[in-house]
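Just passing along the structure, written as structure tokens.
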């Protein structure tokens, strides 16, 4: 099964897959509203607004694995929209590590980061960029969404879309 065929559940309960976005550059990020890195929501939204008309999408996967996302469903979605102006798609709460990790994250965490380290998600706001050719690029939580290394991957891939 391709990473794009893994079933996903939106925050509103609909089922989808990444195949819906096969022609796009996709930025997947595990998010948490009570995290000290939550201001990254604002940058993620700004990037989504800047690049979405060129074939880019941000997909947010709330996770409470680090005990910083107490919200559920509509309340969680409302918090993200009110506090950070989030309009990019959000998904149901997702386990990103361990034996019960969501299959998407089980696959994503096999990708090494820039220093060559694969394995578990370190914290909230770990980022994975998937290009239309299914190449996965991994960026750790403290790498801000608009860091040059992330923007370079996004803009490089958008040039081929």
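Could you check segment 112-132 and list, in sequence order, the residues that are surrounded by 16 or more Cβ atoms within 10 Å (Cβ to Cβ) and more than 14 Å from residue 32 (Cβ to Cβ)?
113, 128, 129, 130, 131, 132
Please identify the pairs in which a residue from segment 66-77 that is without any contact (Cβ under 8 Å) to a residue 12 or more places away in the chain has its Cβ atom under 9 Å from the Cβ atom of a residue that is surrounded by fewer than 18 Cβ atoms within 10 Å (Cβ to Cβ) and assigned to a loop (DSSP other than H, G, I, E, B), counting only partners at least 6 apart or on another chain.
67/34
Could you tell me whether any residue of segment 125-135 is in contact with a strand residue (DSSP E or B) (Cβ under 8 Å, 6 or more places away or on another chain), at pLDDT 95 or above and more than 16 Å from residue 24 (Cβ to Cβ)?
Yes; the residues of segment 125-135 include at least one that is in contact with a strand residue (DSSP E or B) (Cβ under 8 Å, 6 or more places away or on another chain), at pLDDT 95 or above and more than 16 Å from residue 24 (Cβ to Cβ).
Restricting to segment 62-83, and then to whatever is touching a helix residue (DSSP H, G or I) at 6+ places or on another chain (Cβ under 9 Å) and assigned to a helix (DSSP H, G or I), can you tell me which residue is surrounded by the fewest Cβ atoms within 10 Å (Cβ to Cβ)?
Restricting to residues being touching a helix residue (DSSP H, G or I) at 6+ places or on another chain (Cβ under 9 Å) and assigned to a helix (DSSP H, G or I), the top hit is 83.
So, in segment 1-37, exactly how many residues are surrounded by 14 or more Cβ atoms within 10 Å (Cβ to Cβ), assigned to a loop (DSSP other than H, G, I, E, B) and touching a strand residue (DSSP E or B) at 6+ places or on another chain (Cβ under 8 Å)?
Looking only at that region, the number is 5.
Out of everything in segment 143-161 that is in a loop (DSSP other than H, G, I, E, B), at pLDDT 95 or above and out of contact with any strand residue (DSSP E or B) (no Cβ under 9 Å at 6 or more places or on another chain), what residue ends up being surrounded by the fewest Cβ atoms within 10 Å (Cβ to Cβ)?
This residue is 146.
The values are calculated or read from the model by the stated rules, or taken from the named source; none is laboratory data. Because the structure is predicted, anything quoted here is derived from the model rather than measured. Methodologically, a virtual Cβ is constructed for each residue, glycine included, from the backbone with ideal geometry; neighbour enumeration extends over all protein chains shown.
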